[in-house]
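Contents: one structure, followed by commentary.
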Amino acid sequence: MLIIGIIVSILREKSNAIVSQQNAENIDIDQAQIKSNSIIQSALKQARALLVNAELSGIKEVVRTRHDSEKLEQAYEEHLHELVKRSEKHLEYTTRSIEDHYVDLFQKAEKQIKSQMTDNQQRIINELDLALDEAHKLLTTQTQATHQQIERQLEAEINDAKKLVDGYKNKRMEAIDRQIGELVIETVKRTIDKALTPEEHTDLVIRSLQEAKQDGFFT
Amino acid sequence: MNSVPLIIATILKYAYTRVEAEKLLSVFRLLSDAYFYQQADARMMESIIEERFRHALDTTYYFESLPELIQLAQKSSKGRIYETIHDVSDALELLPVLTLYVPTKLEHIYIATIGTWVRGTINEKILLQFIISAAYRGGCGVSWKGIMKDYSFNHFLQRESRSIQSLIQNV
């Protein structure tokens, strides 16, 4: 219908143009009118033909369209159904994937956490071992140093005590020796003059002089 | 004739100490006096000495030396006799003296033994000087050229002290 209207409108415009032209040029009105009627008739005829064709086409189109719509609807439904199924499958797959992913993630996380814990434990153990080694070394060093210091102190104290004892012993021994010596000398002195003859006195004097000579006393 | 060396040699032949040498020099003076101023012969001279030292102890060496001293007196010059005696005295003063500290007085015979050893070992013209000191038992103290050293029993005891201490400790 729209097309027909357009055609009529075009024809009218043409007619009007022609009329206007005829009017302007003062051409034979009758001929022009007949010609225009003929044109109009022809146009109407064409228009009707066009209209019929259009209506037929429209009907066909409507039928076809209706038929297509059903098919489309059916296809749509099938597609929708398929889509739903696929969606379900996809959802299921996705759910499973997510589940698997999360299970895997949790497993990995658990593994990683365990590994991390193991690493941390090992690191802590290593650090503790190091700390223990250091502490052991430090303790050993300090123990050795303390031991050496104690040994030195003990040695010094023992030496001091030994010196003290030795000093006392030496003093006592010197005193005893001196006393013994004095006693021996006194005894000898008391007996020597009585016991020795003049010859023996003389011999002792010569022995003393020999000793002095050996000492280089007379050089 | 200078008789001083001969007189000194004779004195040193019989005397070993400064005291003995001075005594023999005194004997020589007496002999000279008797010879030059009493016209005494050798026999008289011996008698004078015997009388003079009749109570003296340990005078054997006087009389042993008399023959030689009488001869020396007789050979001396009367005018120079005292000068000679003075020179001998000075010469004796110059002889080296070894001083010995001994615990007891020794008779001449023992002094001669010591003196013989000293003159044969140290110096043939040495004179001894004995000082009695009980501190030098078992030996003697020796003084020579201004240095004195104890070589008595104390010295030997000190020298052997370690051995003695060791012996005492091991008893």
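Taking segment B:82-116 as the range and being under 17 Å from B:A9 (Cα atoms) and in contact with a helix residue (DSSP H, G or I) (Cβ under 7 Å, 6 or more places away or on another chain) as the test, the residues that pass are B:T84, B:I85, B:D87, B:V88, B:S89, B:A91, B:L92, B:V97. Considering segment B:119-151, and only residues there that are in contact with a strand residue (DSSP E or B) (Cβ under 6 Å, 6 or more places away or on another chain) and within 7 Å of another protein chain (Cβ to nearest Cβ), the residue that is modelled with the lowest pLDDT turns out to be B:G139. Among the residues of segment B:3-30, those identified as of a type in the set (G, A, S) and outside any helix (DSSP H, G or I) are B:S3, B:A15. Residues of segment B:126-142 that are in a loop (DSSP other than H, G, I, E, B), among the hydrophobic types (A, V, I, L, M, F, W, C) and farther than 27 Å from B:A91 by Cβ: none at all.
The set of residues in segment B:105-118 that are surrounded by 16 or more Cβ atoms within 10 Å (Cβ to Cβ) and either part of a strand (DSSP E or B) or at the interface with chain A (Cβ under 8 Å from one of its Cβ atoms) (or both) comprises B:L106, B:Y110, B:T113, B:I114, B:W117, B:V118.
For segment B:22-58, which residues satisfy the criterion of being without any contact (Cβ under 8 Å) to a residue 24 or more places away in the chain and closer than 23 Å to B:A91 by Cα? Passing the criteria: B:S26, B:L30, B:D33. Can you find a residue in segment A:155-176 that is in a helix (DSSP H, G or I), at the interface with chain B (Cβ under 10 Å from one of its Cβ atoms) and in contact with a helix residue (DSSP H, G or I) (Cβ under 6 Å, 6 or more places away or on another chain)? No, segment A:155-176 contains no residue that is in a helix (DSSP H, G or I), at the interface with chain B (Cβ under 10 Å from one of its Cβ atoms) and in contact with a helix residue (DSSP H, G or I) (Cβ under 6 Å, 6 or more places away or on another chain).
So that you can scan it fast, the table gives a plain yes or no per residue for (1) surrounded by 18 or more Cβ atoms within 10 Å (Cβ to Cβ); (2) part of a helix (DSSP H, G or I); (3) in the same structural domain as B:G138 (by TED's automatic domain parsing); (4) touching a residue at least 60 places away in the same chain (Cβ under 8 Å):
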residue: B:P67; (1), (2), (3), (4): no, yes, no, no
residue: B:I70; (1), (2), (3), (4): yes, yes, no, no
residue: B:Y82; (1), (2), (3), (4): no, yes, no, no
residue: B:V88; (1), (2), (3), (4): yes, yes, no, yes
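Among the candidates A:K108, A:K137, the residue that is surrounded by fewer than 11 Cβ atoms within 10 Å (Cβ to Cβ) and modelled with pLDDT of 80 or more is uniquely A:K137. Within segment B:16-65, the residues that satisfy the criterion of being of a type outside the set (A, V, I, L, M, F, W, C), crowded, with 16+ Cβ neighbours inside 10 Å and over 27 Å from B:L106 (Cα atoms) are B:S32, B:D33, B:Y35. Quick check on my filter: what residues within segment B:93-104 are part of a helix (DSSP H, G or I) and not hydrophobic (A, V, I, L, M, F, W, C)? Hit for segment B:93-104 is B:E93, nothing else.
Residue pairs whose Cβ atoms lie under 9 Å apart, separated by 6 or more positions or on different chains, with the first residue in segment A:206-219 and β-branched (V, I, T) and the second buried (at least 18 other Cβ atoms within 10 Å of the Cβ) and part of a helix (DSSP H, G or I), are A:I206/B:T113; A:I206/B:I114; A:I206/B:V118. The set of residues from segment B:5-44 being charged (D, E, K, R) and more than 17 Å from B:S77 (Cα to Cα) comprises B:K13, B:R18, B:E20, B:E22, B:K23, B:R43.
Is it the case that B:Q158 is surrounded by fewer than 18 Cβ atoms within 10 Å (Cβ to Cβ) and at the interface with chain A (Cβ under 9 Å from one of its Cβ atoms)? Here the answer is yes, as B:Q158 does meet what is asked.
Selection of segment B:143-161 for residues being among the basic types (K, R) and part of a loop (DSSP other than H, G, I, E, B) yields only B:K145.
The values are calculated or read from the model by the stated rules, or taken from the named source; none is laboratory data. Only a predicted model underlies this, so the values are computations on that prediction, with no experimental measurement involved. Don't worry about glycine lacking a Cβ; one is built from the backbone with ideal geometry, like all the others, and counts go over all protein chains shown.
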